[in-house]
1. In nanometres, what is the gap between the two model label sites at R61 and N114, each 7 Å from Cα along Cα-to-Cβ?
2. For a protection proxy built on the mean count of beta-carbon atoms within 10 angstrom, sort 77-89, 150-162 highest first, please.
3. Summing +1 for each Lys or Arg and -1 for each Asp or Glu, what net charge is found among the other residues whose Cβ lies under 12 Å from the Cβ of P130?
4. I'd like to check one number: the per residue accessible area of the stretch 23-177, probe 1.4 Å, reported in Å² as a whole number.
5. Using a probe of 1.4 angstrom, how much of the accessible area of the chain is carbon and sulfur, in percent?
6. Can you put I38, I96 in order of accessible area, largest first, using a 1.4 Å probe?
7. Sum up the lysine pairs in the chain that clear both bars: alpha-carbon distance under 28 Å and a spacing of 8 or more or different chains.
8. With +1 assigned to the C-beta of every Lys and Arg and -1 to the C-beta of every Asp and Glu, and no other charges, what is the dipole magnitude of the stretch 67-138 about the Cα centre in debye, to the nearest 20?
Amino acid sequence: MKKCAFLFSVLCFSILNAQTDKNVEEHQVQIGLPMPAILYEKGISNNSTLSLEAVTGFELRGCTGCETQYGIRAILRGQYRYYYNLERRIRKGKNITGNTGNYVGGLMLVQFGNPIIGNIQRPDIFGAGPVYGIQRTYRRGFFYRLEGGAAYLEDGFGSGVGLVLAARIGWVLRKRR
């Protein structure tokens, strides 16, 4: 019985220790601008996270001799991120709070065709592909993120490979670690 209690204690300690040794945040919520966005990011391993982001996108279409159209659309993004330079940042004494680092990952997105506001109608767009990004979070929670990659995109008219670019600024809503 003592051996079982000892093994159980060692197992609990190792699980708790593994949870606190993550380089990434356990949970993180970000509010983004310039278009309103909210992101939830969950640490799943030492340097990896899964995120779900609801964001709005703006589209403007116009030409000579035609009516200018616009639309604000809802976009849902799911992402796996592997932060590959966190150990190096720690060794150099740099900040990793708020998942500050460079990452590679996979992106899945859905851009809904019917606008929340506006008059441009189009089918839903589905996409998936690899991305590379950088994210920096500062002391008071301000962050910026730049991201780019290629994605397979599909809508009601066809499919193909396209460029995916994202830039976001905002604030991380969290306790400081």
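1. 1.8
2. With the highest mean Cβ count within 10 Å placed first, the list reads 77-89, 150-162.
3. Spelling it out: positives minus negatives among the neighbours equals 0.
4. 55
5. Roughly 67 percent of what the probe reaches on the chain is carbon or sulfur.
6. I38, I96
7. The result is 9.
8. Its charge dipole is roughly 580 debye.
The values are calculated or read from the model by the stated rules, or taken from the named source; none is laboratory data. Please read all numbers here as calculations on a predicted model, not as lab measurements. Note that we place each Cβ from the backbone using ideal geometry, even for glycine, and neighbour counts take in every protein chain shown. To get the accessible areas, we keep the full protein, side chains included, count just its heavy atoms, and leave off ligands, DNA and RNA. Shrake-Rupley method; radii C 1.70, N 1.55, O 1.52, S 1.80 Å.
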